[in-house]
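Okay, structure first, notes after.
Since every read-out is calculated from the coordinates, none of them should be taken as a lab result. All values reported here derive from a predicted model rather than from experimental measurement. All Cβ positions, even for glycine, are placed from backbone atoms using ideal geometry, and neighbour counts span all protein chains on display.
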């Protein structure tokens, strides 16, 4: 049983890394010339608060989101001289179909209780953070992460 579990974790880990990390790296590589030709352009990756903390149930996800933060800082350093900004948004628990599909219903009350704001975030709130980082208002922000979690990571649980 343990061997089967380890094989599943390795396969699952590769798929999660492909979607959450490699995809962003490959897309950035593919559009690099266009980004450099348009000073003031920006890349905003989607990490997660799970990139800051471990979660026994999501090791591949946590690893991929932490690695995305490293990729963000590295690309920011690489591209800053070309006028390209690279940042990441780190959502907390966001009320989306994905969360509903992966978290048991009883966990939603636990998520709300952990949140200093007493609620889950919304997709439009995450989109607003991305929009800000893409805008000229963020023209001197690069290599940063913007946490959108209702204060979840500001408190110890």
Revision key, fill the gap. Subtracting the Cα-Cα distance of residue 57 and residue 22 from 0.36 nm times their residue separation yields 10.4 nm
Practice item. Give me the angle, in degrees from 0 to 90, between the Cα long axis of helix 105-114 and the longest principal axis of the Cα atoms of the chain, rounded to the nearest 10. Key: 60 degrees
Practice item. Return the ratio Rg/(2.2 N^0.38 Å) for the range 2-154, where Rg is computed over Cα atoms only. Key: 1.12
Point to revise | the chain: most fluctuating residue of 50, 137, 106 per GNM, C-alpha cutoff 10 Å | key: 106
Point to revise | the range 28-119: relative contact order in percent, alpha carbon pairs under 8 Å with at least 6 residues between | key: 31 percent
Review point. Say R0 is 25 Å: what FRET efficiency, to the nearest 0.05, do residue 31 and residue 135 get from their beta-carbon distance?
Key: 0.85
Revision key, fill the gap. Burial-style ranking of 84-97, 120-133, average other-beta-carbon count within 10 Å with highest first, yields 84-97, 120-133
Study note, to complete from the structure: Helix 23-37: inclination vs the chain longest Cα principal axis, degrees, rounded to 10, gives 20 degrees
Check your understanding: Looking only at 75, 99, 21, which one moves most when the chain is put into a Gaussian network model with springs between Cα atoms under 10 Å?
Key -> 99
Check your understanding: Using Cα atoms only, what is the angle between the long axis of helix 2-17 and the major principal axis of the chain, expressed in degrees (0 to 90) to the nearest 10?
Key -> 30 degrees
Study note, to complete from the structure: Inter-part gap, Cα centre of the range 81-157 to Cα centre of the range 16-79, in whole angstrom, is 15 Å
**Study point:** Per-residue [θ]222 nm for the chain (sum of -39500 (n - 2.57) over DSSP H runs n ≥ 4, rounded to 500)
**Key:** -16000 deg cm²/dmol
